[in-house]
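Data first, discussion second: the structure below is written as structure tokens.
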Amino acid sequence: MSSDGEDYYYEDDYDEGSMDQDSPVSEGMSEPDIVYDVMSPTADEPAPKKPYDVSYKVRTLQEIINMQSKEVRKIQTLLEMPASTATILLRHYQWNSEKLQEQFWNDPAAALLSAGLSPPVSPSTRTGPLPPSPSLLISPRRPTRSSHNPALSPVKRSRAPQPSGPFECPVCCMEFAKEDVVKETFALGCRHRFCRGCWAEYLTGKIRSEGESSRIQCMESGCERIVREEIIDELVPAGVSKRYHNLLNMAFVADAPNLRWCPHPDCEYIIECTQAPPRMLNQLVPTVECNCGRQLCFGCGYLSSHRPVLCKIVRLWERKCADDSETANWLQANTKECSKCQSTIEKNGGCNHMTCKKCKYEFCWVCMGPWSEHGTSWYQCNRFDEKSGVNARDAQAKSRASLERYLHYFNRWANHEHSAKLDAEFYKNTEKKMEQMQNSGNLSWIEVQFAKQAVETVIKARITLKWSYCMAFYLKRNNMTELFEDNQRDLERAVENLGFALEQNIEPDSIAQLRQDITNQTAYVQKRHEILMDDTLKGYLERRWDFSVDI
Amino acid sequence: MFGSNPRAQSSTATRRLMKEYRDITADPLQDSITAGPISEDNMLEWEALIQGPEGTPYEGGIFSAKLIFPPDYPLNPFKMIFEPPLLHPNIYPNGEVCISILHAPGDDPLRYESASERWSPVQGVRSVLLSVLSMLAEPNIESGANVECCKLYRDNKQEFERQVREQVKSLLGITENTE
């Protein structure tokens, strides 16, 4: 048995050399599982896909760039146009190539114009032997004979007929002699000519300070002609052009519904997932794991897993927690107002005979009526059933109940988060102790790993528990909700037990017993965790949950 | 051409402003606007005189404004400040004019304008002053600079016009016996 495990271990190790960037995390985790083989927890292995899981890929920036050029090539061949034209069209239609094709075949001229490209027909812009791109574009079925002419730079190609005589740049008022006009100035197809220095300054400003990328227009005010990528590259310094391309890629990812940047700081991976479009987010919680080892929600970009709660509920909950309205709610539930001067009063002890500190008004805390009417029945109110008092008390009771309900869920939500942090800290101390034991005693490294696994399990389960309280807050009371709360309670109990066991002092004599105990409990927590997760997430697909808010 | 050092920039600004000054002098704007540098030593500070458009409460008034150009003009727009401040929904209480054409393309304090309405290096003193003239005739209270004045203009136009006329008169030095 153990030799099998060892074999596998080496194999694993061997494989890792060839594809080491693939999954460093799962490698580290599966290793002890295999060696131990005690109720091997399956959660960390690439388990068979569950109906509520989404498949996704983690992409690098280079792959994103390749994706773009692939899309561009597709449109380029389909519509028979230069790559730069295809790129601008695609960007304009936010990389929706079906929509682009539909609109283009419908009315090529309108499609090009709306994207800020040359209007298709203008015979005056034809320059000699080279068929300018506009003429290609209105008759896309004609074979593209000379769309690739390496001899001409794009800037030169799109140049309009040269102005005769010297030229004065309308921006900086520099004069350019006739022979310098070609070298020193530049105009787009719209023939608004400026000197290259002004162009560079203008484009740099757009890119550097305004962060614009895909829709940089001609400098002339009101002119909507888009400046092409290769023209920008030619006119601006290298550093600016690099930033420009970064911005283009960011815009591409932002526009694509199936892509999302990993939101963790310093991480440059991009997640691609086609199974979690916004309309599916009322039944899916698309938690994914980036190659940087951290989790995120593909649906809303939350920085960690918020399973089993839907993105929308998470947003509502976070807003509710951040909102000041709960303070007002608290005031309403815990205080009353002096019926004479309206000061807010919190009663923190004593009898019902209140005297307002401010206006010296004497009243009864129970019925809020003036104390003078209470006659001689000091310290108790026998006017409880009078109408004025009843109404006021009803309103107050309702408000107090809703506040208590919220606090019940919020405290547990916050508590689990806090506990998860404490567990992690506590483990750091334990770890030191384990190392000592390993060094002094005859325990092997592998034998002291059980605690690490247990702590990881507890932390994961606590995060799920945390979110389960957010979920419960928004669930309507019914049988399904009771089942959910049963699962929640079972997991919570298991987690607390394991947490308690982990806090026991570890002594070398009792470690075998403790290890057995903790390993068993860890497996149980994992089991309960899976049940809660499984049931809740499947519940969305089966539409079992009934929320008090609209999802 | 623009260089990276400020001196080259301000020489660009100076050259361009010289040209604009020449153009405006040669071809005055509808006879209702004059503009030019306060002193030939500093091209970055101009003074403009604007005649109140006919048929508006500003009619008959002549308003003076300072134009302050940044050293990187014309990449960034200049500031226009009426001295003394003019009562108008689109003029801040300190006299600064707030119209879209004078906003640098990146910054839109009131989030109302599309990029095409804003400053671009091909705009100039002439186009801005013409916009200011039409602004005097047709205030835009959607994106007002002087909120009090916007309210007055919307709720009680007659009173607004009365106050403007009052201001015009006092600017011209005509004092009236107002009880």
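The values are calculated or read from the model by the stated rules, or taken from the named source; none is laboratory data. Quick caveat: nothing in here was measured; it's all calculated off a predicted structure. Positions of Cβ are generated from backbone atoms using ideal geometry, with glycine treated the same way; all protein chains shown enter the neighbour counts.
Only one of the numbered conditions (1) within 14 Å of chain B (Cβ to nearest Cβ); (2) in contact with a strand residue (DSSP E or B) (Cβ under 7 Å, 6 or more places away or on another chain) is not met by residue A:259, and that is (1). For residue A:251, the conditions (1) surrounded by 21 or more Cβ atoms within 10 Å (Cβ to Cβ); (2) part of a helix (DSSP H, G or I); (3) hydrophobic (A, V, I, L, M, F, W, C) all hold with the exception of (1).
Residue-level check: of (1) assigned to a loop (DSSP other than H, G, I, E, B); (2) away from every other protein chain (no Cβ under 11 Å); (3) modelled with pLDDT of 85 or more, residue B:110 misses just (3). When residue A:2 is tested against (1) of a type in the set (Ser, Thr, Tyr); (2) at pLDDT below 70; (3) under 32 Å from the mean Cα position of the chain (by Cα), only condition (3) is not met.
Among the residues of segment A:208-247, those that are within 11 Å of chain B (Cβ to nearest Cβ) and over 25 Å from residue A:175 (Cα atoms) comprise A:208, A:209, A:210, A:211, A:212, A:215, A:216, A:224. Scanning segment A:286-293 turns up no residue that is touching a Lys or Arg at 6+ places or on another chain (Cβ under 8 Å), under 23 Å from residue A:456 (Cβ atoms) and modelled with pLDDT under 90. Comparison of A:502, A:422 shows that the only residue that is of a type outside the set (D, E, K, R) and surrounded by 17 or more Cβ atoms within 10 Å (Cβ to Cβ) is A:502.
Here is a yes/no grid of residues against (1) within 25 Å of residue B:161 (Cα to Cα); (2) in a strand (DSSP E or B); (3) modelled with pLDDT of 90 or more:
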| position | (1), (2), (3) |
| --- | --- |
| B:31 | yes, no, no |
| B:38 | no, yes, yes |
| B:49 | yes, yes, yes |
| B:65 | yes, yes, yes |
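Restricting attention to segment A:484-492, does a residue exist that is modelled with pLDDT of 90 or more, in a helix (DSSP H, G or I) and touching a Gly at 6+ places or on another chain (Cβ under 7 Å)? Scanning segment A:484-492 turns up no residue that is modelled with pLDDT of 90 or more, in a helix (DSSP H, G or I) and touching a Gly at 6+ places or on another chain (Cβ under 7 Å).
The single residue among A:201, A:224 that is part of a helix (DSSP H, G or I) and outside the structural domain of residue A:84 (by TED's automatic domain parsing) turns out to be A:201.
In segment A:190-207, the qualifying residues are those that are crowded, with 20+ Cβ neighbours inside 10 Å and more than 37 Å from the chain's Cα centre (by Cα), and the one that is nearest to the other protein chains (Cβ to nearest Cβ) is A:197. Within segment B:70-85, the residues that satisfy the criterion of being in a loop (DSSP other than H, G, I, E, B) and more than 14 Å from chain A (Cβ to nearest Cβ) are B:78, B:83, B:84, B:85.
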